[in-house]
Every structure is written in structure tokens, then in C-alpha cells.
Amino acid sequence: MARTTDTDLAPHELRILVAVADAGGFSAGAEALGLTQSAVSHSVRGSERKIGAVLFERGRSGARPTPAGEKAVAHARRTLRLLAVLVAEARQAARSEATQGPEGPLRIAAFRSTALHLLPPVLQRLRARYPGIEPQVRIVRELGRGTAGEVADGRSDLAIATLDGAQLPAGLVASGLFEESYSLVHPAGHPAPRSLPLVDWVENCGSYTRAWWGAQDWIPRATIEAEDDGAVLSLVSGGHGMAIMPALSLVGATDSIEITDLGPERPTRRVGYVTTPELAGSAVVRALVRELRAAGSAIWRAAGSQVKALLPNLNAVSEAFNHHSLPLDLVKPLAAAVPSMEPELRRHAI
């Protein structure tokens with residue numbers, strides 16, 4: 001039997017580190033755990049002694065993690081999550097009715113357009129198949145470390161992220177789901193949409209669009225910078241300008257907006273998922289990945305070889321075509337990306 005060493009941290013010590021970091025102080029962390037401040041302080045000092053580094057900067061306003069503390073807290077969150085998965089899956093395997101499937105919490109980080117248009121149908125199918133899974137969605141701006149940072153910090157089990165160009169935090173694994181095209185969006189019927197002022201938002205121009213963007217001398221500097229893609233659509237609908245937007249952001253676009261294909265050299269971005277190597281093998285994450293991949297496959301069938309992945313909220317586009325039930329709000333984005341499909345798309349719309 002393996003022996004513990006003087007540097008081993010117990011689960012309760014990990015929980016205290018996380019609580020102090022989340023609460024921003026020893027007193028608040030102690031209150032969250034139902035412990036005394038002296039017990040929490042004693043535990044943190046013990047953890048610092050075992051690790052050999054100061055984990056928190058103490059001050060009058062509370063306590064915040066040092067660089068060493070940030071690493072320790074992130075690993076503590078991830079370790080505690082693995083312990084919870086260990087217990088849940090072992091208990092499930094011990095039951096006679098283990099065929100019921102995975103169960104327990106599933107923490108997901110997603111940026112806004114995927115949270116609005118990709119996840120709802122995916123989670124609906126997931127819950128229908130595995131009622132015991134409890135999805136928890138955290139919407140995170142795709143800036144800096146973005147959604148992948150939530151996984152690295154142990155706050156999420158899986159993140160929906162843009163994968164092109166951005167370097168993943170160390171220790172994570174990623175896989176692509178679909179490629180999303182950008183289009184020119186402008187007030188319907190405008191005779192010269194490229195002459196309009198640009199409406200943009202800070203998350204829009206990543207490494208996947210920057211090179212294309214820089215080569216377009218017709219695109220002016222943004223005169224309006226909105227909070228998110230929903231606000232951009234609203235401003236464009238109101239006649240305040242034009243925008244360059246990815247397909248997911250265009251789901252539900254109204255008739256007051258026209259979507260124009262940017263041609264064969266149009267920019268695209270690759271959307272996928274990010275998780276840890278350990279959680280990638282957990283039952284709840286594997287179940288979600290299967291549903292995400294099924295959604296991606298449906299998109300491929302819908303858009304064909306011309307556009308490989310556009311609108312991930314299509315539950316089963318092929319079935320929709322068979323039953324003449326393609327949602328009308330999906331027709332315009334698909335038709336903009338694949339103009340030759342527009343007559344067929346409209347025939348199958350409801």
C-alpha cells in the first residue's frame with residue numbers, strides 16, 4: 001500500500017484553498033465552509049508548508065492568491081472534481097440498474113452565440129437520453145483565456161471554444177466540431193451596404209479573422225462598438241450600419257436584415273470543445289461530446305461540401321428536409337452561405 005507523505009494534501013485542505021480563493025478572504029472562506037477562521041488559517045499555513053510556497057497575499061481587504069496560489073487553487077478545483085466523478089461513477093457501477101447511464105453535474109463554459117444557439121438543442125437531447133445528468137452552463141466572453149481558461153482553472157468540465165490560432169492553456173485537450181463562415185450583414189434593401197459604417201463588438205476579431213480583415217480596404221474602422229453580437233444585430237436592423245458576423249450569430253435574424261456571402265475567400269472560424277485529459281474519459285463528458293458531434297454531423301449534411309459547418313442548432317436537418325419542416329429563421333443564414341440552396345431551403349421551410 002502506498003504511503004502518504006508530508007507533502008500530500010487532503011481533500012479538506014483542497015476545499016479550504018478553493019473557498020478562500022473564491023471568497024476573497026479567510027473569514028469569508030471560513031463562513032462558506034462552516035469553519036472557524038483560525039481553522040482555515042491553520043489549514044492554509046499547513047498547505048503552504050507542505051508545498052513550500054506562499055499561496056495567498058494577506059491584507060486588510062482580504063486574501064488573494066499569489067501566482068503559486070493560482071496554480072494550486074486551479075489544481076485543487078480539478079482534483080476535487082475528479083474525486084466527485086470517482087465517487088459518482090463507482091456508485092453507479094455498483095448498482096444493478098447501472099445501465100441507466102451517467103448522472104450528476106456537468107459544468108459547461110460557452111461563449112454567447114453557442115450558449116444561445118448550439119447548446120439548447122444539444123442539452124435537450126442529452127437530458128432526454130440521460131435524465132440524471134445536471135448541466136450547468138457558464139457564459140464566458142471569448143477574450144483572453146476565454147472559455148478554455150474556465151476548464152484550466154477547474155471551474156468547468158468542458159468548454160465550447162474557438163480553436164483557430166489561440167494557444168490552449170497547458171494540460172488541456174481539444175477537438176474541433178465545425179467550421180463557421182462569416183457573412184456581410186446589413187439593412188435589407190440597402191443599395192450600397194459596403195458604404196455603411198461598421199458596427200462591431202470586441203469579441204469579433206480574433207486571430208482567425210484578423211488576416212482577412214486587414215486585407216479588406218473597404219472595411220472602415222468601427223464607429224459603433226456594441227457589447228455583444230445580439231446588440232450588433234439590433235443596431236444593423238435599425239439601419240445604423242453593417243457588420244461582418246459569424247453564422248451562429250445570425251440565427252433568428254429578422255427580415256429587416258440582409259445577409260450577403262463574402263465569397264470563396266470569406267473568413268471562417270473553427271469551433272470545438274476543450275476539456276482535461278482526465279475528464280475526457282468521464283461518463284458525463286463523453287455523453288455530451290457524443291451529442292455535440294451529432295449536432296456537427298447534422299450541420300455538415302445541411303451545408304454540404306460548400307460550407308462545412310454553419311448552424312449548430314439544427315437538431316437534424318436531414319430529417320427536417322424529409323418532413324418539410326426547416327425552421328424559417330435558419331433559411332436566411334444558410335442561403336447566404338450557399339446561395340444555390342436558397343430555393344430548396346425555402347421549399348422546406350415552415
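Taking region 12-38 as the range and being open to solvent by 40 Å² or more (accessible area, probe 1.4 Å), more than 31 Å from the chain's Cα centre (by Cα) and under 23 Å from A84 (Cβ atoms) as the test, the residues that pass are E31, G34, L35. Given the criteria under 31 Å from the mean Cα position of the chain (by Cα) and within 21 Å of D157 (Cβ to Cβ), does P65 qualify? The answer is no for P65. Under the condition of being more than 15 Å from Y182 (Cα to Cα), surrounded by 14 or more Cβ atoms within 10 Å (Cβ to Cβ) and more than 24 Å from the chain's Cα centre (by Cα), the residues counted in region 221-251 number 7. Summed over region 145-171, residues that are more than 12 Å from T275 (Cβ to Cβ) and of a type in the set (D, E, K, R) total 4. Do we have S175 as open to solvent by 10 Å² or more (accessible area, probe 1.4 Å), small (G, A, S) and in contact (Cβ under 8 Å) with a residue 60 or more places away in the chain here? The answer is yes for S175. Within region 67-81, residues that are assigned to a helix (DSSP H, G or I) reach partners that are open to solvent by 50 Å² or more (accessible area, probe 1.4 Å) with beta carbons closer than 7 Å, at six or more positions or on different chains, in the pairs A68/V54; A72/I51; R77/R155; L80/P11; L80/R15.
Of the candidates R145, R112, the single residue that is crowded, with 17+ Cβ neighbours inside 10 Å and without any contact (Cβ under 8 Å) to a residue 40 or more places away in the chain is R145. Looking at A128, A170, just one residue is free of Cβ contacts under 8 Å to residues at least 12 places away in the same chain and out of contact with any Lys or Arg (no Cβ under 6 Å at 6 or more places or on another chain), and that residue is A128. The single condition among (1) open to solvent by 30 Å² or more (accessible area, probe 1.4 Å); (2) closer than 22 Å to L172 by Cβ that V73 does not meet is (1). Checking each residue in region 9-39 for being touching a helix residue (DSSP H, G or I) at 6+ places or on another chain (Cβ under 7 Å) and within 18 Å of A68 (Cβ to Cβ) picks out L9, E13, L14, I16, L17, V18, A19, V20, A21, F26, G29. Applying the condition of being of a type outside the set (A, V, I, L, M) and surrounded by 15 or more Cβ atoms within 10 Å (Cβ to Cβ) to region 128-137 and asking which residue is farthest from R155 (Cα to Cα) yields Y130.
Screening F56 with (1) free of Cβ contacts under 8 Å to residues at least 40 places away in the same chain; (2) open to solvent by 20 Å² or more (accessible area, probe 1.4 Å); (3) in contact with a Lys or Arg (Cβ under 7 Å, 6 or more places away or on another chain) gives one miss only, at (2). When restricted to residues that are open to solvent by 10 Å² or more (accessible area, probe 1.4 Å) and either under 17 Å from the mean Cα position of the chain (by Cα) or modelled with pLDDT of 90 or more (or both), region 262-276 contains 3.
The values are calculated or read from the model by the stated rules, or taken from the named source; none is laboratory data. Predicted model only: the values in this text are computed from it and were never measured. Don't worry about glycine lacking a Cβ; one is built from the backbone with ideal geometry, like all the others, and counts go over all protein chains shown. The protein model used for the area step is the full one, side chains on, heavy atoms only, and it has no ligands, DNA or RNA in it. Shrake-Rupley method; radii C 1.70, N 1.55, O 1.52, S 1.80 Å.
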